[in-house]
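J.: Dumping the structure here so I can ask a few things about it.
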Amino acid sequence: MFEMKKVGGGVCAPEGFFAGAASAGLRPNGADDVAFIYADTPCEMAAVFTTNKMTAAPIRHYRAKGSFKSNFVLMNAKNANAMTGPAGISDIDEVLGELQAHYGVLQNPVMSSTGVIGVRMPKAKITAAAKTFDLSVKDSLAAAKAIMTTDTFYKMVSTEVVLEGGKRFRLGAIAKGAGMINPAMATMLCFVTTDADAGAEALQACLEAVIPTTFNAASVDGDTSTNDTVMLFSNRKSGAFDAEAFTTALHEMLLELAQMMVSDGEGATKMVTFHVTGAASDEEAETAAKALSNSLLMKTAIFGEDPNWGRVASTIGASGVACDEATLTVSFDEVCVYDRGTILFDAESEKLAAAVMKRERFTISCDLGMGEGAFDAYGCDLGHEYVKINADYRT
């Protein structure tokens, strides 16, 4: 048995973690654009990265280290350090090397970046700004804001888990993401800290267990970034750990962050849960749900608040899963519009379904009638603002 409760502090909620931010002058308005998370003891590490084959330099730099402990991550916005070749990795080594010499307490520091692809990292600016960090500061909010790109709001959560007998541990996280979000992670960075007493292998297992139904279930636009990163740091200071409790808490936190990202999808006005049940298997339910969350026809219908259930049926059929119009049921929240071959879409139900689609959050439920498989995917609408943002993103 265990209990979970939300607490404040973000990545600084667990004991022994610090965070802050500074401006390197990468943003035209002079706002913070570099950030750090620091632990006063070396941490066990776990991570999951993008499935994009064009992997950015920070990810290749991390992977080259093999198994290691770290107590510092440097983050920056406005520059992805992707498609920069060996020079991009060398740039990271140079920046982190200077910071190690400057602070004297950094062990195996790592880096994570987001922004424009194909531009070398402005090393001098980032290094100069990072040398102004105060490693004793606990300002998770500043770090969360500094890594935002097209995000319209910061993303930060933290939780305390109380185990039977009174032992407890905490988890905290910050994240960014609003565009290039696809069900295979996305243009997203997420950093999780914990004082749970877990080794690297246990942390990796827990992280990999929750990614499929959190970040990998979210879609804004169907594009997968070069820089997608989730890092998990554990300093083990609490002396407490329970795998089930930890996984449950981690899943709840990452799902909340994933849904924040979808809600903050570039120009998005609605977040939609695609709830698929009755599939031949969980895998087929996942395929159908992600097809719906990624469909441009669905996204534009959601933007137009048009309860076009025919697009739902067509998308499921095109996904390749086992399905039949005689067993399919489609509902918009509580409004059923198609039930196993019977069209329930008259003037009254259309009006009710259209009212559902005016909500900021709603669910499109699809029972395929083929088995017991189920999966939830998360998506948003796609409208004029998305085109406007991405038409001139580089400038």
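J.: Name the longest site-free stretch of the chain, where the excluded sites are chymotrypsin sites (Phe, Trp or Tyr not before Pro) in a DSSP loop with no more than 15 other beta-carbon atoms within 10 Å.
T.: 154-392
J.: Ignoring solvent entirely, what values of log10 I(q)/I(0) come out of the Debye formula for segment 54-131 at 0.14, 0.18, 0.21, 0.26 Å⁻¹ when each Cα is a single scatterer?
T.: These q points yield log10 I(q)/I(0) values of -0.40, -0.66, -0.91, -1.34.
J.: Apply the a/c threshold of 1.5 to the C-alpha gyration tensor of segment 1-158 and tell me whether it is rounded, prolate or oblate.
T.: Since a/c stays below 1.5, the shape of segment 1-158 is classed as rounded.
J.: Let me ask something else. If you take the beta carbon distance between Glu372 and Lys6 as r and set R0 to 51 Å, what does 1/(1 + (r/R0)^6) give as a FRET efficiency, to the nearest 0.05?
T.: Values: r = 33 Å, r/R0 = 0.65.
FRET efficiency, Glu372 to Lys6: 0.95.
J.: If you don't mind, another one. Just to confirm, what accessible area per residue do you get for segment 37-150 at 1.4 Å probe, in whole Å²?
T.: 40
J.: Please identify the DSSP H helices in the chain that span no less than 15 Å along the helix axis (Cα) and have a mean Kyte-Doolittle hydropathy of -1.0 or more.
T.: Helices passing the filter in the chain: 85-103, 200-210, 243-263, 282-294.
J.: Could you tell me the center-to-center distance, by alpha carbons, between segment 68-132 and segment 354-369 in angstrom?
T.: Segment 68-132 and segment 354-369 have Cα centres separated by 43 Å.
J.: Relative to the present Cα-Cα distance, how much length would full extension add between Glu334 and Val137 at 0.36 nm per residue of separation? The partial results should precede the final answer.
T.: Numbers: separation 197, 0.36 × 197 = 70.92 nm, distance 4.79 nm.
Stretched fully, the Glu334-Val137 segment lengthens by 66.1 nm.
J.: Right, something else. What ranking of Met188, Met370, Met1 comes out by heavy-atom accessible area, probe 1.4 Å, highest first? Write down the numbers at each step before the final one.
T.: Working: Met188 5, Met370 70, Met1 180 Å².
Ranking Met188, Met370, Met1 by accessible area, largest first, yields Met1, Met370, Met188.
J.: Let me ask another. Just how far, in whole angstrom, is segment 191-212 from segment 1-35 if you go by their alpha carbon centroids?
T.: 19
J.: Based on the Kirkwood radius over alpha-carbon pairs, what is the Stokes-Einstein translational diffusion coefficient of segment 82-207 at 37 °C with 0.692 mPa s viscosity, in µm²/s?
T.: Stokes-Einstein gives a translational diffusion coefficient of 191 µm²/s.
J.: On alpha carbon coordinates alone, what is the Rg over Rh value for the chain, Rh being the Kirkwood radius?
T.: Values: Rg = 21.9 Å, Rh = 21.8 Å.
My calculation of the ratio gives 1.01.
J.: Multiplying the sequence separation of His251 and Asp40 by 0.36 nm and subtracting their Cα-Cα distance, what value in nm do you get?
T.: Extra length available between His251 and Asp40 comes to 73.4 nm.
J.: Which entries in the list Lys299/Lys358; Lys6/Lys290; Lys5/Lys290; Lys270/Lys290; Lys138/Lys237 go over 19 Å, if you measure between the two C-alpha atoms of each?
T.: Long pairs (Cα-Cα over 19 Å): Lys6/Lys290; Lys5/Lys290.
J.: Taking the chain as a Gaussian network, where each spring joins two C-alpha atoms under 10 Å apart, which residue of Met156, Met54, Met253 fluctuates the most?
T.: Met54
J.: What is the extension gain from Thr51 to Glu283, computed as 0.36 nm multiplied by their sequence separation minus the C-alpha to C-alpha distance, in nm to one decimal? Display every interim value, and only then the final one.
T.: On the way: separation 232, 0.36 × 232 = 83.52 nm, distance 1.84 nm.
Fully extending the segment from Thr51 to Glu283 adds 81.7 nm.
J.: Right, next: If you restrict to DSSP beta bridges whose two residues both lie in the chain, what percentage is antiparallel, to the nearest 5?
T.: Roughly 75 percent of the beta bridges in the chain run antiparallel, per DSSP.
J.: Under the rule a/c < 1.5 gives rounded, and otherwise a/b versus b/c splits prolate from oblate, where does segment 1-91 land using the Cα gyration tensor?
T.: It comes out oblate by the Cα gyration axes.
J.: Out of the total accessible area of the chain (probe 1.4 Å, heavy atoms of protein only), what percent is carbon and sulfur?
T.: On the way: 7960 of 15490 Å².
About 51 percent, which is the carbon plus sulfur part of the accessible surface.
J.: Quick check for you: with a 1.4 Å probe and neighbouring chains kept, what is the accessible area per residue of segment 236-325, in Å²?
T.: 37
The values are calculated or read from the model by the stated rules, or taken from the named source; none is laboratory data. Quantities reported herein were computed from a predicted structural model and do not represent experimental measurements. Virtual Cβ from ideal backbone geometry, glycine too; neighbours counted across all protein chains shown. Each accessible area value is taken on the protein alone, full model and side chains, heavy atoms only, with ligands, DNA and RNA left out. Shrake-Rupley method; radii C 1.70, N 1.55, O 1.52, S 1.80 Å.
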